[in-house]
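**Student:** Mind looking over this structure? Questions follow.
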Amino acid sequence: MTHTEPGTRNWLRYNSDTAAVRLICLPHAGAGASSFNRWLELFPAEIAPIRVQLPGREDAAREPALRRVPEAVAGLLDQLTVFEQSPLAVYGHSMGALVAYELARALAAAGTPVVHLFVSGRRAPQLSASRPPIHDLPEAEFAAALAAMNAWGEAGRSSAFLRYALPLTRADLELSEEYSHHARPRLTCPITVFHGTEDPMLDIAEAVAWQQLTDGPFALHEFPGDHLFHHRHRAALAARMAEAVQ
């Protein structure tokens with residue numbers, strides 16, 4: 001079910017209006033709401049995943065992709081007002097983890113703090129990048145850099161997919177790589193980090209550093225796999241999230 005306001009495309013895709021907790025799901029660079037389609041059946045009825053369709057992807061491909069985190073957060077805050085009376089949790093992978101973090105801070109500042117922040121596939125936002133930015137590389141070099149990271153898995157072998165994904169991923173990585181962290185406000189909600197042990201983009205110390213961003217509880221769970229480990233282990237991640245918010 002997609003809920004929309006007249007004349008405005010809704011970024012939120014969800015199927016339940018009655019769940020006790022709503023889980024906002026933000027995908028990685030180049031991905032859209034459909035990347036969470038196979039997650040829907042993994043949660044108990046008390047938890048409703050809300051898949052976010054940011055501009056520039058899938059059925060919103062004609063919209064200009066966002067290039068700054070505050071733009072994404074502002075758009076989400078506007079659309080999440082429909083859930084003002086509902087407990088919210090947030091999950092994001094890679095670029096989505098960064099947006100999830102800033103969204104959690106913005107919701108807390110607005111007086112509706114999230115009950116839990118779940119992240120995977122990205123270093124803690126206060127850390128400087130250990131690798132040079134790639135979003136401004138020439139196309140061939142940019143594509144090669146993404147292939148080396150296995151950024152899209154099997155889909156990255158399709159030339160048709162690359163024609164669609166390269167410009168979008170470039171914009172998404174600009175959003176991520178041009179981000180500047182500010183120490184305040186701190187979070188008070190629990191943070192849970194999921195880490196792929198063979199992720200070439202993230203080492204364990206960068207994952208553990210998320211603990212520094214909250215006054216609440218912290219947990220880290222490791223899984224075998226590369227940067228896209230979260231799809232391979234989606235059932236285990238969903239179980240951990242459900243346990244944490246129930």
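**Student:** Taking the stated definitions as given, is Ala244 closer than 27 Å to Ala147 by Cα, open to solvent by 10 Å² or more (accessible area, probe 1.4 Å) and aliphatic (A, V, I, L, M)?
**Tutor:** Criteria not met by Ala244.
**Student:** Turning to a different aspect of this structure: Would you check which residues across region 44-95 are assigned to a strand (DSSP E or B) and aliphatic (A, V, I, L, M) and list them?
**Tutor:** Matches in region 44-95: Ile47, Ala48, Ile50, Val52, Leu88, Ala89, Val90.
**Student:** Can I ask one more? Scanning region 72-91 for residues that are among the β-branched types (Val, Ile, Thr) and at pLDDT below 95, which turns out surrounded by the fewest Cβ atoms within 10 Å (Cβ to Cβ)?
**Tutor:** Among those residues, the one meeting the criterion is Thr81.
**Student:** Another one. Just one of Glu206, Glu222, Glu174 is open to solvent by 40 Å² or more (accessible area, probe 1.4 Å) and either part of a helix (DSSP H, G or I) or modelled with pLDDT of 95 or more (or both); which is it?
**Tutor:** Going through Glu206, Glu222, Glu174 in turn, just one is open to solvent by 40 Å² or more (accessible area, probe 1.4 Å) and either part of a helix (DSSP H, G or I) or modelled with pLDDT of 95 or more (or both): Glu222.
**Student:** In this structure, is Leu103 modelled with pLDDT of 95 or more and not in a loop (DSSP other than H, G, I, E, B)?
**Tutor:** yes
**Student:** Next question. Residue check: is Leu76 in contact (Cβ under 8 Å) with a residue 24 or more places away in the chain and under 18 Å from Val245 (Cα atoms)?
**Tutor:** Considered against the rule, which asks whether it is in contact (Cβ under 8 Å) with a residue 24 or more places away in the chain and under 18 Å from Val245 (Cα atoms), Leu76 comes out as no.
**Student:** Follow-up question, since we're still on this one. Check Glu46, Glu41 and return the single one that is acidic (Asp, Glu), more than 17 Å from Val245 (Cβ to Cβ) and over 13 Å from the mean Cα position of the chain (by Cα).
**Tutor:** After applying the criteria, what remains is Glu41.
**Student:** Quick check on my filter: what residues within region 5-44 are open to solvent by 20 Å² or more (accessible area, probe 1.4 Å) and free of Cβ contacts under 8 Å to residues at least 40 places away in the same chain?
**Tutor:** The answer is Glu5, Pro6, Gly7, Thr8, Asn15, Ser16, Asp17, Thr18, Ser34, Asn37, Leu40, Glu41.
**Student:** Still on this model: Among the residues of region 108-155, how many are surrounded by 14 or more Cβ atoms within 10 Å (Cβ to Cβ), at pLDDT 75 or above, small (Gly, Ala, Ser) and assigned to a loop (DSSP other than H, G, I, E, B)?
**Tutor:** Qualifying residue count, region 108-155: 2.
**Student:** Let me ask something else about it. Mind listing just one residue for me: the one in region 156-168 that is part of a helix (DSSP H, G or I) and open to solvent by less than 60 Å² (accessible area, probe 1.4 Å) and, of those, modelled with the highest pLDDT?
**Tutor:** This residue is Leu168.
**Student:** Which of the residues spanning region 177-203 are at pLDDT below 95 and either aliphatic (A, V, I, L, M) or in contact with a strand residue (DSSP E or B) (Cβ under 6 Å, 6 or more places away or on another chain) (or both)?
**Tutor:** Listed by number, the residues that qualify are Ala183, Met201, Leu202.
Residues are listed down the side, and each one gets a yes or a no for (1) closer than 25 Å to Arg105 by Cβ; (2) within 15 Å of the chain's Cα centre (by Cα); (3) modelled with pLDDT of 95 or more; (4) hydrophobic (A, V, I, L, M, F, W, C):
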{"residue": "Thr4", "(1), (2), (3), (4)": "no, no, no, no"}
{"residue": "Ala20", "(1), (2), (3), (4)": "yes, no, no, yes"}
{"residue": "Asn37", "(1), (2), (3), (4)": "no, yes, yes, no"}
{"residue": "Ile50", "(1), (2), (3), (4)": "yes, yes, yes, yes"}
{"residue": "Asp59", "(1), (2), (3), (4)": "no, no, no, no"}
{"residue": "Pro70", "(1), (2), (3), (4)": "yes, yes, yes, no"}
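**Student:** Hey, another quick one. Of all residues in region 177-188, how many are open to solvent by 10 Å² or more (accessible area, probe 1.4 Å) and in contact (Cβ under 8 Å) with a residue 40 or more places away in the chain?
**Tutor:** The number of residues fulfilling the criteria is 7.
The values are calculated or read from the model by the stated rules, or taken from the named source; none is laboratory data. Keep in mind that what you see is a predicted model, and the values were worked out from it rather than measured. Glycine also receives a Cβ, built like all others from the backbone with ideal geometry; neighbour counts cover every protein chain displayed. Keep in mind that these areas ignore ligands, DNA and RNA; they rest on the heavy atoms of the full protein, side chains included. Shrake-Rupley method; radii C 1.70, N 1.55, O 1.52, S 1.80 Å.
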